[in-house]
Ligand SMILES: Cc1cc2nc3c(=O)[nH]c(=O)nc-3n(C[C@H](O)[C@H](O)[C@H](O)COP(=O)(O)OP(=O)(O)OC[C@H]3O[C@@H](n4cnc5c(N)ncnc54)[C@H](O)[C@@H]3O)c2cc1C
């Protein structure tokens, strides 16, 4: 593949999150000379793991939906055989009920259980049960659509009639699905239910303001969850190794501070060291605000867009508690579920509306992730690695007691307090947990921001609220384009709702586009 003379690389990628790695791997595979810069000491962004005292923890994402992409992308790049993906069984639990989510019926049964607690809401709950069924089946149909992006067009066309026949009945609900993608879940719930506690209970299972049909169909994702043996770092390492084997380069502990423009086009990057490296195409896997508001001069971006970037809310962050415990795997009874979403209270809590309440997490749901139950490589013999997570926000409890972004004694004390509240709730499922902890670390939204440079520790790009987000609906299909020539975006900021699929998809699309444009240059 040719390059324009005078350039050392064909493309520079800023960041090695899943979007950057996927774009880099496809480009390197095609023979393009790629250079990736990563400010952290290892690749992955939120596809990351770390090991302490023999316990391995996933630092960001805990399980990933295939959604017709995870396997397809890894297979097409040629690294699927380097990772071992295991189905991750998911459970939903309350103090008096445990539901293993292994079929659509099991999800619907969980919702029907709520009628016992809220009998006067039965009619509304039954309507929700119906919508969960319809929307999950539509989501399944979309995810199973033969996709020419991941295989030969002829093969996609050959399998299309079978797909259409299989999902014909389900696709009847597509129009409604699309309509409800424009409505936040709480607005939808207020149409179906009158009990505020129940509305809150259901709402707290998803990111703030998430679209109604997306939320109700997310159970399809949950039943389609996978976890890689050894943790998510193994996916990132496989992609990074592939890139370097194909001649690409990755430089860690290197912050890109500026995207260099020549005649209004992106033509290079300036590193924190001051060094300038040039390439005809620049792909940013960095935070959207950082890309446009910090790395580019103001005149490169329209004023109205700059305003939107600054004002649009970001997606929820999380508080994460990493625990190494002296409990053998066989003593942890979670019905073979490695991931359990535990809801301690049928009343629910909206942490976003309880920012001054330092006890909010006594009532907040906690996701309990224990992949080491099935993957002994993640914990020392006879012990177990557990990750607890709950949605969190940077401005909780007076910015977590920080002062001008600096960690204080108050910050440390609050981390301890909130983490103990989450442990107390998890203990209802894992008796004796608090007394068996041999390692503990806690990450807040500040930790997420520090490691991944995502604004406010956002875990999935822009807010999920369709009435406030950027790059929703069809707009998201071109969220990789920018106002600057030869500059593209990859990763979760390219579409809302964001997440891993946004990284896979944008990485695949942008790599094709850049490959095509590089060929045009020969
Ligand atoms: C707790 C949690 C649970 C999640 N659960 C799910 C789930 O169930 N399903 C799902 O689909 N998604 C989930 N996600 C979201 C998903 O993990 C992310 O959306 C996705 O991994 C983001 O990928 P990305 O390509 O946008 O890059 P990111 O992960 O955001 O990484 C960006 C990388 O770029 C680097 N970088 C940024 N700027 C610069 C710069 N200027 N110079 C050098 N390097 C830079 C950063 O250091 C980072 O490594 C979850 C996330 C979290 C945290």
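Overview of values
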| read-out | value |
| --- | --- |
| Evaluation of residue 450 against (1) touching a residue at least 24 places away in the same chain (Cβ under 8 Å); (2) within 15 Å of the ligand (Cβ to nearest atom); (3) out of contact with any helix residue (DSSP H, G or I) (no Cβ under 8 Å at 6 or more places or on another chain) (one fails), failing number | (1) |
| In the range 465-522, the residues that are at positive phi, in contact with a strand residue (DSSP E or B) (Cβ under 6 Å, 6 or more places away or on another chain) and within 11 Å of the ligand (Cβ to nearest atom) | 491 |
| Failed item, numbered, when residue 248 is tested on (1) away from the ligand (no atom under 14 Å from the Cβ); (2) surrounded by 15 or more Cβ atoms within 10 Å (Cβ to Cβ); (3) free of Cβ contacts under 8 Å to residues at least 40 places away in the same chain | (3) |
| Condition check for residue 270: over 21 Å from residue 506 (Cα atoms), more than 16 Å from the ligand (Cβ to nearest atom), surrounded by 15 or more Cβ atoms within 10 Å (Cβ to Cβ) and free of Cβ contacts under 8 Å to residues at least 24 places away in the same chain | no |
| Qualifying positions in the range 108-132 - within 24 Å of the chain's Cα centre (by Cα) and farther than 16 Å from residue 203 by Cα | none |
| Leading residue by the ranking (farthest from residue 428 (Cα to Cα)) among those in the range 89-112 that are assigned to a helix (DSSP H, G or I) and touching a helix residue (DSSP H, G or I) at 6+ places or on another chain (Cβ under 7 Å) | 104 |
| Residue count for the range 26-42, restricted to those that are in contact with a strand residue (DSSP E or B) (Cβ under 9 Å, 6 or more places away or on another chain) and either assigned to a loop (DSSP other than H, G, I, E, B) or more than 12 Å from the ligand (Cβ to nearest atom) (or both) | 8 |
| Flag for residue 438 being farther than 18 Å from residue 14 by Cα and surrounded by fewer than 24 Cβ atoms within 10 Å (Cβ to Cβ) | yes |
| Selected residue [farther than 27 Å from residue 220 by Cα, within 13 Å of the ligand (Cβ to nearest atom) and either crowded, with 23+ Cβ neighbours inside 10 Å or within 19 Å of the chain's Cα centre (by Cα) (or both)] from 60, 15, 45 | 15 |
| Single condition residue 395 does not satisfy, out of (1) over 18 Å from the mean Cα position of the chain (by Cα); (2) more than 27 Å from residue 53 (Cα to Cα); (3) outside any loop (DSSP other than H, G, I, E, B) | (3) |
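FYI, it's all coordinate maths here, none of it is from the lab. Everything quoted here is computed from the prediction, not taken from an experiment. Note that we place each Cβ from the backbone using ideal geometry, even for glycine, and neighbour counts take in every protein chain shown.
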